[in-house]
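What follows draws every value from the coordinates through simple rules; no lab data is involved. Computed from a predicted model, the values in this text were never measured in an experiment. We place every Cβ from the backbone using ideal geometry, glycine too, and count neighbours over all the protein chains shown.
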């Protein structure tokens, strides 16, 4: 902080600015030596907010790093804090400062536009024009947007032409009927075959569909169908009936996720380093009608600031704002955000931060899992490009609360058959991948019968007493296949060997639960987590290696027993046969010449005679 204060002392202009700051709402812009904007913020009181950055009591590393780079700053005074919030958001989008939360992608997302005309067009666009048109989106999934447009064109007779149709063009017949009219995909507004009132009514129904008000629209159409039938306009009633049928099919596909049938958005973010993944679930009438996902960059790891940035970005566009926004923590400046949202929506808005188990909490958890999954994909793509340590190891470090990234992991498994031929395996993963040259097999010598705990104690003793003798470092993570019993056995030995710092876990097979030393209750890792998949891979590989070794041991023991029955064949000759042949069947079918090369002619005849008599 001394460096920061020295810098301020050397720059009288900044010191003078700090002294003359106004106590008014507005936006401040921090600049570096080159004049580049590195941070944009808003404040209800610019004087107190900006001066707070240059206090000696700063304890945030991120804020300290920012202030160390500040060479100058500029202010923009506004009439209110809400106006400052809107301006801040627009400036962040324009300048994309390094220390603000920004969209990862510079490209604009597509919207569905309903044009401001007597006979509106409905189509996709990436360009926002403030001409009174209505916009729905943004759609982060282009396929989903195209599906919505296709469905609208199938159900409603919205014109596809780009002509300007008004009273003058209709009267002077400047536009002629096209093929869409003849195949009954358009009602011919270009020649006045449908009134402006009826066309606008149809457009209003499309808007209800885009807002997720499917059930409300179906009820409205049912009333219209009944009214038309009462007037004996059966052909029009049949058209409405067909619309209702298609809308019901669409509505049935939407998943009912909330019993209260309220409109709400569920927002969740997952952070890892500077990467932020955001998922927004749109719930309308109790049904999940949309999902939007964004990738952002943030030097700020404070969830309150991240959620504040997400809400400003998302709802500042042409987006319908529901009465309830569900989030996991109250965002920074929540009162100003609510005032901003209520002004845009012209209705009361509330933030809901669920604390107890409920349907809303379940929805938030589901949203969180989607955000985490997106974050994994983001990290995976970056790691593929950069060729760095796999992201799964960073994920494992976080999920297991490890002090270091587990670059080297050793995993142990015990295998026996009814207490016989007990063996153990150790597999090693380096940087998330199997390193087979480091795999080890252990024959358990000190244990009689099926005692996995004692067997684990023996193999841990042998492995890590040798490491201690050779003054080799412990792996970053030790993993034993099993629950609390196997883990306790391993911990007991490591402690007795004098190891003070080590990382060890047990992975139970039944529920994929993780056990930690000294904790009675098992912990769980999200099923979608890449770190859990790595642990399962380790466990399965150790099990495969142990089973293979166990089978080989059992097979060799059977092999040896059979050879010992041959009269005239002693232990040395048995050993030669074991070395040169894989199994009994190979000896049975071997030629006399091949057997003779291994154990001599006379002994080869004894072996042949033995197997001929036993058949």
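When ranked by the protection proxy of mean other Cβ atoms within 10 Å per residue, highest first, what sequence do the peptides 36-48, 130-142 form?
36-48, 130-142
With both bridge residues required to lie in region 264-378, what share of the DSSP beta bridges run antiparallel, to the nearest 5%?
So the antiparallel bridges amount to about 75 percent of the total.
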Residue separation between residue 469 and residue 589 times 0.36 nm, minus their alpha-carbon distance, gives in nm 38.4 nm
Note on region 397-551: contact order normalised by length, alpha-carbon pairs under 8 Å, 6 or more apart, percent, works out to 26 percent
So for R0 = 56 Å, FRET eff. of residue 606-residue 527 from the Cβ-Cβ r, to 0.05, ends up at 0.40
Estimated distance in nm for a label pair at residue 248 and residue 151, the labels positioned 7 Å out from Cα along Cα-to-Cβ
1.7 nm
Using a 7 Å offset from the Cα along the Cα-to-Cβ direction at both residue 339 and residue 161, what is the distance between the two label points in nm, to one decimal?
5.0 nm
Where does region 264-378 land on the Kirkwood hydrodynamic radius, alpha-carbon pairs, in angstrom?
14.3 Å
Subtracting the Cα-Cα distance from 0.36 nm times the residue separation, let me have the gained length for residue 176 to residue 536 in nm, one decimal.
122.9 nm
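Calculate, in nm to one decimal, what residue 509 and residue 231 gain on full extension: separation in residues at 0.36 nm each, minus their alpha carbon distance.
Result for the pair: 93.2 nm of gain on full extension.
Taking other Cβ within 10 Å of each residue's Cβ, how do 178, 278 sort, fewest first?
Listing 178, 278 from fewest to most nearby Cβ atoms yields 178, 278.
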In deg cm²/dmol and to the nearest 500, what is the mean residue ellipticity at 222 nm of the chain if only DSSP H runs of at least 4 residues count, each as -39500 (n - 2.57), divided by the residue total?
-15000 deg cm²/dmol
Run through the DSSP bridge list for the chain and note the antiparallel percent, rounded to the nearest 5.
80 percent
Modelled FRET efficiency - R0 56 Å, residue 77 with residue 519, Cβ distances, 0.05 increments:
0.50
Quick calc: nm separation of the 7 Å Cα→Cβ label points for residue 142 and residue 350 -> 4.1 nm
Fewest-first ranking of 314, 391, using other Cβ atoms within 10 Å as the exposure measure
314, 391
